[in-house]
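One structure is given below, encoded as structure tokens.
The values are calculated or read from the model by the stated rules, or taken from the named source; none is laboratory data. A quick note: this is a predicted structure, and the numbers were derived from the prediction, not measured. Note: ideal-geometry Cβ built from the backbone for every residue, glycine included; neighbour counts use all protein chains shown.
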Amino acid sequence: MTDIALKNKSDSLHSAGLPLDFQPDYTALAQTANQTTRDIVSAYPKTAQLFEALLSDPRVMTHWNLANYIAVIKLGYNDHGPIHAQVVTAAAMRLMQLLHQRGVAFDVIESGAGDLDDAHAVVLAGIMLHDIGNQIHRTGHEVFSVALAQPILERHLTPLYGDDPVKLQALTGFTLSAIACHDCNPSPLTMEGAVVAVADATDMTKGRGRVAFDRGKIDIHSVSALGVETVDIRAGGDKPIEMVVALSNSAGIFQVEQVFARKLIATPLKDYVTIRAIAADYPDAEQHIIRNVVFDGTRFRLDEDADHPAA
């Protein structure tokens, strides 16, 4: 099965007659993200099988493309389609990897519903399907995503867990909970839901934020997104995870605070993640208003330690 390749303009939804002629060529980005996901889930057979099944399902692709049509064409938002799903899936799997390495407990395991493979499967399904409700409307899209995801989960989890109806139902419930809470309204209560919510916020770099800006959405959201160069998820020190956000423009701090930190502080992950925003040196960058700030779990503060690299 090959990776999803989006052409320079975009694939068309031939069956629905909906041309999506706004999508830049993010094929390489999707391929890199998918390789990261595959590398991590290779240790988890059920999760690996689920990933390939969802990625190759034409009905799932149609859900993603329709969600993008409404989000981008109708509302002028950034990508909420297949590339977004693949990029944030890689981020979610990286978060899971780092949390597991530091012995952080997952609710699927703590509840007795499943093992580590099952916890990864819940997060993977949740993050891949979290935004499909946008095809109905942005308002209430979390609830719509839950409704649309149910038959997809039935279709793809049954081959993996059909011989254990109790586990099948429990993992479905955990996945739907993660989808319902991915925008932190309401806040996620499980670690799996927290990973889905926070991973969703990582797809905010400059190139990914340009779609809305180029389509004429000039506001603090679109402008600040252009100030974010990279988001690096790495092993932390005192906390298991450090997310380093490199800024080429200080306006990017709005994106970090209002998108990234807003989600983190509303989830159980807040005790396990440090966000570090660094004003890095890029060609043609503005004169920086800020240099280094760090989010310590409750607020942003100046970082007195200036030795941290940007990426």
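A few remarks follow.
- Summed over the stretch 44-83, residues that are assigned to a helix (DSSP H, G or I) and touching a helix residue (DSSP H, G or I) at 6+ places or on another chain (Cβ under 8 Å) total 25.
- Against the test of being farther than 23 Å from residue 205 by Cα, touching a residue at least 24 places away in the same chain (Cβ under 8 Å) and assigned to a helix (DSSP H, G or I), the options 153, 98 yield a single qualifying residue, 153.
- For residue 201: the one exception among (1) in contact (Cβ under 8 Å) with a residue 60 or more places away in the chain; (2) touching a helix residue (DSSP H, G or I) at 6+ places or on another chain (Cβ under 7 Å); (3) farther than 24 Å from residue 256 by Cβ: (3)
- Positions within the stretch 145-195 being over 26 Å from residue 97 (Cβ atoms) and either at pLDDT below 95 or under 18 Å from the mean Cα position of the chain (by Cα) (or both), in sequence order: 146, 162, 185, 186
- Residue among 88, 108 that alone is closer than 25 Å to residue 223 by Cα, touching a residue at least 40 places away in the same chain (Cβ under 8 Å) and either in contact with an Asp or Glu (Cβ under 7 Å, 6 or more places away or on another chain) or part of a helix (DSSP H, G or I) (or both): 88
- For the stretch 56-83, the tally of residues that are out of contact with any strand residue (DSSP E or B) (no Cβ under 7 Å at 6 or more places or on another chain) and of a type in the set (S, T, N, Q) stands at 3.
- Scanning the stretch 52-64 for residues being buried (at least 23 other Cβ atoms within 10 Å of the Cβ) and not aromatic (Phe, Trp, Tyr) gives a total of 1.
- Taking strands (runs of 3 or more DSSP E) as the structural unit, those lying wholly within the stretch 235-311 and holding at least 3 residues that are at pLDDT 80 or above correspond to 241-247, 273-279.
- The condition (being touching a Pro at 6+ places or on another chain (Cβ under 8 Å), surrounded by fewer than 19 Cβ atoms within 10 Å (Cβ to Cβ) and not β-branched (Val, Ile, Thr)) is satisfied by just one residue among 101, 35, 31: 101.
Table: residues versus (1) within 19 Å of residue 233 (Cα to Cα); (2) more than 13 Å from the chain's Cα centre (by Cα).
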residue: 57; (1), (2): no, yes
residue: 68; (1), (2): no, yes
residue: 73; (1), (2): no, yes
residue: 79; (1), (2): no, no
residue: 86; (1), (2): yes, no
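- Of the candidates 38, 102, 94, the single residue that is modelled with pLDDT of 95 or more, among the basic types (Lys, Arg) and under 20 Å from residue 183 (Cα atoms) is 94.
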